[in-house]
Amino acid sequence: MFHVNGQAVHFDGDDKTPLLSVLRDELALSGPKFGCGQGECGACMVLVDGQPQTSCNLPVWSLQGRQVRTLEGLGTPERPHPVQTAFLEERAAQCGYCVSGVITSAAALLERQPAPRREDIVQALEKHLCRCGAHNRMVRAIERAATSPSAS
C-alpha cells in the first residue's frame, strides 16, 4: 500500500508496473503525462515523499509505505497552489504538455527553499524538456510564486 494525494492505494497488479500507469490507468489522474518513457523529459514528474521523481520508470513495488503527490494534489480550482496561480498570471504554459511536471518540481523547490535564487529555479527545471519556448515565463512564474504571500 502507498498513498496518492492523501488517499490509500492498494494495487494488486504486477509490482513492476510503472507508477505512471497506475496513476493514469487505475486512478484516472491526468496530470502526469507520458513523454519519453525513460525518465528523461520530466512530463511524468510527481513528488514521492516530497521529492521530484519521474513516474514512468518508477515501479510500484518501490512505493510501499510512501506518499505520492501529483499535480492534482497540489491545489484545487478554488484554492490553487501559488505556483499554479503564478503560471496562470504569467501565461507560462504554451502547449501544456510539460507544465504539470514543471509545476510539481517547482512546488517541491519552494517547499524546501521558499526564496530560491534564479539559478536554483533553473537547476530545479533541468530535468524538464520544453519545446515551446515558454521556459523564461516558467522561471518568472516560479519567482512570482516564491514572493507570493500565499506561498508559505
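The values are calculated or read from the model by the stated rules, or taken from the named source; none is laboratory data. Small disclaimer: the values here were computed from a predicted structure and weren't measured. Note that each Cβ is placed from the backbone with ideal geometry, even for glycine, and that neighbours are counted across all protein chains shown.
Among the numbered conditions (1) at pLDDT 95 or above; (2) part of a loop (DSSP other than H, G, I, E, B); (3) over 23 Å from Glu126 (Cβ atoms), the only one that Asp12 does not meet is (1).
Considering Arg69, Arg24, the condition of being in contact (Cβ under 8 Å) with a residue 60 or more places away in the chain, of a type in the set (Lys, Arg) and surrounded by 13 or more Cβ atoms within 10 Å (Cβ to Cβ) is satisfied by Arg69 alone.
Counting only residues that are of a type outside the set (Lys, Arg) and part of a helix (DSSP H, G or I), which one in region 114-136 is surrounded by the fewest Cβ atoms within 10 Å (Cβ to Cβ)?
The first filter runs over region 114-136 and keeps only residues of a type outside the set (Lys, Arg), leaving 114-116, 119-126, 128-130, 132-136.
Right, trim to part of a helix (DSSP H, G or I) and you get 119-124, 135-136.
Details: Glu119: 8, Asp120: 15, Ile121: 22, Val122: 14, Gln123: 12, Ala124: 21, His135: 17, Asn136: 10.
The residue in question is Glu119.
May I ask you to verify whether Glu89 is in a helix (DSSP H, G or I), in contact with a helix residue (DSSP H, G or I) (Cβ under 8 Å, 6 or more places away or on another chain), in contact (Cβ under 8 Å) with a residue 40 or more places away in the chain and surrounded by fewer than 17 Cβ atoms within 10 Å (Cβ to Cβ)? Spelling it out, Glu89 is indeed in a helix (DSSP H, G or I), in contact with a helix residue (DSSP H, G or I) (Cβ under 8 Å, 6 or more places away or on another chain), in contact (Cβ under 8 Å) with a residue 40 or more places away in the chain and surrounded by fewer than 17 Cβ atoms within 10 Å (Cβ to Cβ).
Go over the candidates His135, His128 one by one and state the one that is at pLDDT below 95, farther than 25 Å from His3 by Cβ and out of contact with any Asp or Glu (no Cβ under 7 Å at 6 or more places or on another chain). Quick ask: steps written out before the conclusion?
Working: His128 fails: farther than 25 Å from His3 by Cβ.
Exactly one of His135, His128 is at pLDDT below 95, farther than 25 Å from His3 by Cβ and out of contact with any Asp or Glu (no Cβ under 7 Å at 6 or more places or on another chain), namely His135.
So that you can scan it fast, the table gives a plain yes or no per residue for (1) in contact (Cβ under 8 Å) with a residue 40 or more places away in the chain; (2) outside any loop (DSSP other than H, G, I, E, B); (3) of a type in the set (Ser, Thr, Tyr); (4) buried (at least 16 other Cβ atoms within 10 Å of the Cβ):
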site: Gly75; (1), (2), (3), (4): no, no, no, yes
site: Glu78; (1), (2), (3), (4): no, no, no, no
site: Gly101; (1), (2), (3), (4): yes, yes, no, yes
site: Glu111; (1), (2), (3), (4): yes, yes, no, no
